[in-house]
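Enquirer: For reference, the structure I am asking about is given below.
The values are calculated or read from the model by the stated rules, or taken from the named source; none is laboratory data. None of these values were measured; they are calculated from a predicted model. For neighbour counting, all protein chains shown are included, and Cβ atoms are generated from backbone atoms with ideal geometry for every residue, glycine included. Keep in mind that these areas ignore ligands, DNA and RNA; they rest on the heavy atoms of the full protein, side chains included. Shrake-Rupley method; radii C 1.70, N 1.55, O 1.52, S 1.80 Å.
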Amino acid sequence: MYKLMMAVSVLALVTACSEQSQPEQKAAPAVQEATDSLSMYKTQAEALLANIRVEKEDKALEAQSAELVNLSRTLLNEFVAKYPQCQTYLDALDKAADIIPTLPLEEIESGYHADGKLPKFDDPVCYHAKDLLVHPATVQAIAMNGFKGPEDYKSAEMEIVEVIAHFDQVERALK
């Protein structure tokens, strides 16, 4: 029930933040690179969601979520190029990317979902980009601990459903 309430809250937040300011930049190669990375991210996120829903084995889901984390790091770099006001915030997240999946789920929630271990930021667009890494890292952590039943799969599913909602905001911001 908690995860469902969280997902509904996040979807409301995502909708509320959809009209943030976006500085205009006209760099065609950077836009093409971002578009390619965005397309890859969405495809991989949807594939991970499908595999969670059919309850693939732990190791496969761990590897697939780790790939999504790595791709998110590329997207975060592209994001900072367009939104330099997010650099400190997203750089701190990038530095923690390798350890996040090894943390207890409660620590991931308080430290990275709720930003307890990240610097403050002023632009909501930064928050959406952060979640492209945090949610698949959470799935990676669940998989590393082993899926022990339907609740673990449901939690992982909600993480990826939530990241896809954030992805839509990031995609708009980068295009």
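Enquirer: Are any of the residues in segment 138-150 without any contact (Cβ under 8 Å) to a residue 40 or more places away in the chain, small (Gly, Ala, Ser), open to solvent by less than 40 Å² (accessible area, probe 1.4 Å) and not in a loop (DSSP other than H, G, I, E, B)?
Expert: Looking for residues that are without any contact (Cβ under 8 Å) to a residue 40 or more places away in the chain, small (Gly, Ala, Ser), open to solvent by less than 40 Å² (accessible area, probe 1.4 Å) and not in a loop (DSSP other than H, G, I, E, B), one finds none in segment 138-150, hence no.
Enquirer: Residue by residue through segment 121-137, note down the ones that are open to solvent by 10 Å² or more (accessible area, probe 1.4 Å) and either closer than 17 Å to Asp94 by Cβ or among the hydrophobic types (A, V, I, L, M, F, W, C) (or both).
Expert: Here is the first cut: in segment 121-137, the ones open to solvent by 10 Å² or more (accessible area, probe 1.4 Å) are 121-124, 127.
Within segment 121-137, Phe121, Tyr127 meet the criteria.
Enquirer: Let me ask something additional. Can you tell me which residue within segment 88-106, out of those that are open to solvent by less than 20 Å² (accessible area, probe 1.4 Å) and not small (Gly, Ala, Ser), is nearest to Ile142 (Cα to Cα)?
Expert: If we filter segment 88-106 for residues that are open to solvent by less than 20 Å² (accessible area, probe 1.4 Å), which is where we start, we get 89-90, 93, 96-97, 100-101.
Applying the additional criterion that residues be not small (Gly, Ala, Ser) yields 89-90, 93, 100-101.
Working: Tyr89: 25, Leu90: 23, Leu93: 19, Ile100: 11, Pro101: 8 Å.
Here the residue is Pro101.
Enquirer: Hey, His166 hits all of (1) of a type outside the set (D, E, K, R); (2) at pLDDT below 95; (3) surrounded by 24 or more Cβ atoms within 10 Å (Cβ to Cβ) but one; which does it fall short on?
Expert: The single condition His166 does not satisfy is (3).
Enquirer: Which pairs have Cβ atoms under 7 Å, sit 6 or more apart or on different chains, and link a residue in segment 35-50 that is under 15 Å from Val139 (Cα atoms) to one that is acidic (Asp, Glu) and open to solvent by 60 Å² or more (accessible area, probe 1.4 Å)?
Expert: Here the result reads Gln44/Glu67, each pair linking segment 35-50 to a residue that is acidic (Asp, Glu) and open to solvent by 60 Å² or more (accessible area, probe 1.4 Å).
Enquirer: So, one more: Could you go through segment 63-70 and let me know if any residue there is without any contact (Cβ under 8 Å) to a residue 40 or more places away in the chain, open to solvent by 80 Å² or more (accessible area, probe 1.4 Å) and closer than 18 Å to Ile160 by Cβ. So that I can check it myself, show each step before the final result.
Expert: Taking segment 63-70 and keeping what is without any contact (Cβ under 8 Å) to a residue 40 or more places away in the chain, we get 63-64, 67, 70.
Cutting the leftovers down to open to solvent by 80 Å² or more (accessible area, probe 1.4 Å) gives us 67, 70.
This time we only want the ones that are closer than 18 Å to Ile160 by Cβ, so: 67, 70.
Yes; the residues of segment 63-70 include at least one that is without any contact (Cβ under 8 Å) to a residue 40 or more places away in the chain, open to solvent by 80 Å² or more (accessible area, probe 1.4 Å) and closer than 18 Å to Ile160 by Cβ.
Enquirer: Can you name the condition, by its number, that Asp98 falls short on among (1) of a type outside the set (A, V, I, L, M, F, W, C); (2) assigned to a helix (DSSP H, G or I); (3) free of Cβ contacts under 8 Å to residues at least 40 places away in the same chain; (4) more than 23 Å from Arg53 (Cα to Cα)?
Expert: Asp98 satisfies every listed condition except (2).
Enquirer: Filter segment 45-73 for residues that are of a type outside the set (D, E, K, R) and over 12 Å from the mean Cα position of the chain (by Cα) and give the result. Don't jump to the end; show me each part of the working.
Expert: To start, the set of residues in segment 45-73 that are of a type outside the set (D, E, K, R) comprises 45, 47-52, 54, 60-61, 63-66, 68-72.
Across segment 45-73, the qualifying residues are Ala47, Leu48, Leu49, Ala50, Asn51, Ile52, Val54, Ala60, Leu61, Ala63, Gln64.
Enquirer: Also: Considering every residue within segment 110-117, establish whether at least one is open to solvent by 60 Å² or more (accessible area, probe 1.4 Å) and assigned to a helix (DSSP H, G or I).
Expert: We begin by selecting, within segment 110-117, every residue open to solvent by 60 Å² or more (accessible area, probe 1.4 Å); these are 110, 114, 116-117.
If we keep only those that are assigned to a helix (DSSP H, G or I) too, we end up with 110.
There is at least one residue in segment 110-117 that is open to solvent by 60 Å² or more (accessible area, probe 1.4 Å) and assigned to a helix (DSSP H, G or I).
Enquirer: Go through segment 66-85 and give me each residue that's within 18 Å of Ala45 (Cα to Cα) and among the β-branched types (Val, Ile, Thr).
Expert: Val69, Thr74
Enquirer: Given the conditions (1) open to solvent by 40 Å² or more (accessible area, probe 1.4 Å); (2) out of contact with any Cys (no Cβ under 8 Å at 6 or more places or on another chain); (3) not aliphatic (A, V, I, L, M), which single one is not true for Gln85?
Expert: For Gln85, the exception is condition (2).
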